[in-house]
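The values are calculated or read from the model by the stated rules, or taken from the named source; none is laboratory data. Please read all numbers here as calculations on a predicted model, not as lab measurements. Heads up, the Cβs are rebuilt from the backbone with ideal geometry, glycines too, and the neighbour counts pull from every protein chain shown.
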Amino acid sequence: MEDRRNILFDEMPFSHKLLKDKKALIYFKGKEVLVATGKDYNKLLRVIDLDNKYELQLFLAKITGNFKHGNET
């Protein structure tokens, strides 16, 4: 299982906002961490269509990758 501590399922730390120009803003705990475009944007639309909150959180976690460096919360 990818989320052994159930953070994605319990806290749902990721959110997104779709923009008009085929871009999506990805947020982690309310802070913007990525602008998804191209393939990532298209995959995001497909995951949104699945209507599964956990799968959406997992996908957003994967495309943001390792954005935290240091002691951020």
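Identify the residue in the range 1-19 that is touching a Phe, Trp or Tyr at 6+ places or on another chain (Cβ under 9 Å) and among the charged types (D, E, K, R) and, among all such residues, is farthest from R46 (Cα to Cα). Top of the filtered list is D3. Considering only residues in the range 20-33 that are in contact (Cβ under 8 Å) with a residue 24 or more places away in the chain and in contact with a Phe, Trp or Tyr (Cβ under 7 Å, 6 or more places away or on another chain), the one that is surrounded by the most Cβ atoms within 10 Å (Cβ to Cβ) turns out to be I26.
Residues in the range 45-59 that are at pLDDT 95 or above and either assigned to a strand (DSSP E or B) or in contact with a Phe, Trp or Tyr (Cβ under 7 Å, 6 or more places away or on another chain) (or both): 1 in all. The residue that is farthest from N66 (Cα to Cα), counting only those in the range 34-52 that are surrounded by 13 or more Cβ atoms within 10 Å (Cβ to Cβ) and touching a Leu at 6+ places or on another chain (Cβ under 7 Å), is I48. Among all residues of the range 2-19, there is at least one that is in a helix (DSSP H, G or I), crowded, with 17+ Cβ neighbours inside 10 Å and modelled with pLDDT under 95. Residues that are in contact (Cβ under 8 Å) with a residue 12 or more places away in the chain and closer than 19 Å to G65 by Cβ within the range 1-19 comprise E2, D3, L8, M12, P13, F14, S15, H16, listed in sequence order.
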